[in-house]
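Remarks on the structure that follows.
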Amino acid sequence: MTKKALVVFAHPEPTSLTRQLVDVTVETLSARGCEVMLSDLYGMRWKAVLDADDFPSRADPDRLSFIVESGHAYSTGRQPADVVAEQEKLERADAVILQFPLWWFGAPAILKGWIERVYAFGFGYGYKDGSNRYRYGDGALKGKRALVSVCAGGAAADYGLRGVNGPIEHILFPLTHGALFYPGMDVLPTHVVYGAAHIATVAEVEMAKRAWRRRVEGLFEDAPIPFRSQNGGDYVDRRRLRDDVAPSLVGLSAHVDEENWG
């Protein structure tokens, strides 16, 4: 069967390096026989703010609870049409690629807003039974792959293990481990173009394109980050790591099974 990929990208400038890398994504996947779906958030004029306008038919007209209203809209088929369209793309996709510039140590607000609006209760979280049982490796998007491509203005040294900005996988942990692994996707190591603000020559742009093309070619073969599955036995009551699991580690690194990395 033909593989399907959803590319969600966020950059307002059509001549940007981010947009040029999106073109590489489409060309590379299409050449490999993959069906590509595009969500150009700026081009779509995506509504980035999750607010009461998303719930015209309220379960509780007196108090706005995003969990209650999101679940109500999703379960009763009363979500905004743009949200439904993106959910359908996600459901069809075998892989999801997010492409964006790193702005203030995260994705542009419009992409965060895409996640907040599309990940309805019962779909992105609260899957199946409304509890926290199906998350971090399980969920509605289990079995799909995810890859993040980010253009960072700073040099690679800034993002080293002792770099002033911190490692990129730590900076983007809420996105990769949270928004992607939480609902079940297998997340590949992040692809970063460092020093993107200083790439100016044709040769430099072509080098960045070649490096990204290699990553896209491995979308369905490369090994994902070995995040620890919530339901895989490493966590007590689905909340905290067992004392004997990675006992020397705390914080973000403890949730990656380093022994199975690479």
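The values are calculated or read from the model by the stated rules, or taken from the named source; none is laboratory data. None of the values given here were measured: they were computed from a predicted structure. Don't worry about glycine lacking a Cβ; one is built from the backbone with ideal geometry, like all the others, and counts go over all protein chains shown. For accessibility, only protein heavy atoms count, side chains too; no ligands or nucleic acids. Shrake-Rupley method; radii C 1.70, N 1.55, O 1.52, S 1.80 Å.
Summary table below
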read-out	value
Pairs where the first residue, in region 157-171, is within 17 Å of PRO226 (Cα to Cα) and the second is assigned to a helix (DSSP H, G or I) and open to solvent by 50 Å² or more (accessible area, probe 1.4 Å), C-beta under 7 Å, 6+ apart	HIS170/LEU252
Single unsatisfied condition, ARG242 versus (1) open to solvent by 20 Å² or more (accessible area, probe 1.4 Å); (2) touching a strand residue (DSSP E or B) at 6+ places or on another chain (Cβ under 6 Å); (3) modelled with pLDDT of 95 or more	(3)
Sole exception among (1) open to solvent by 20 Å² or more (accessible area, probe 1.4 Å); (2) in contact with a Leu (Cβ under 8 Å, 6 or more places away or on another chain); (3) in a helix (DSSP H, G or I) for ALA208, by number	(1)
Test result for LEU147, of a type outside the set (Gly, Ala, Ser), more than 25 Å from ARG210 (Cβ to Cβ), out of contact with any Cys (no Cβ under 8 Å at 6 or more places or on another chain) and open to solvent by less than 20 Å² (accessible area, probe 1.4 Å)	no
Flag for PRO224 being open to solvent by 40 Å² or more (accessible area, probe 1.4 Å), assigned to a loop (DSSP other than H, G, I, E, B) and more than 21 Å from TRP103 (Cα to Cα)	yes
Hey, VAL192 modelled with pLDDT of 95 or more and open to solvent by 20 Å² or more (accessible area, probe 1.4 Å) or not	yes
Matching residues in region 154-189 - criterion: being open to solvent by 20 Å² or more (accessible area, probe 1.4 Å), touching a strand residue (DSSP E or B) at 6+ places or on another chain (Cβ under 8 Å) and either of a type in the set (D, E, K, R) or in a loop (DSSP other than H, G, I, E, B) (or both)	TYR182, ASP186
Criterion (part of a loop (DSSP other than H, G, I, E, B) and either in contact with a strand residue (DSSP E or B) (Cβ under 9 Å, 6 or more places away or on another chain) or modelled with pLDDT under 90 (or both)) met by exactly one of GLY262, GLY232	GLY262
Selection count, region 235-259, where residues are on the phi > 0 side of the Ramachandran plot and assigned to a helix (DSSP H, G or I)	1
Complete set of residues in region 59-84 that are touching a strand residue (DSSP E or B) at 6+ places or on another chain (Cβ under 9 Å) and surrounded by fewer than 19 Cβ atoms within 10 Å (Cβ to Cβ)	PHE66, ILE67, VAL68, SER75
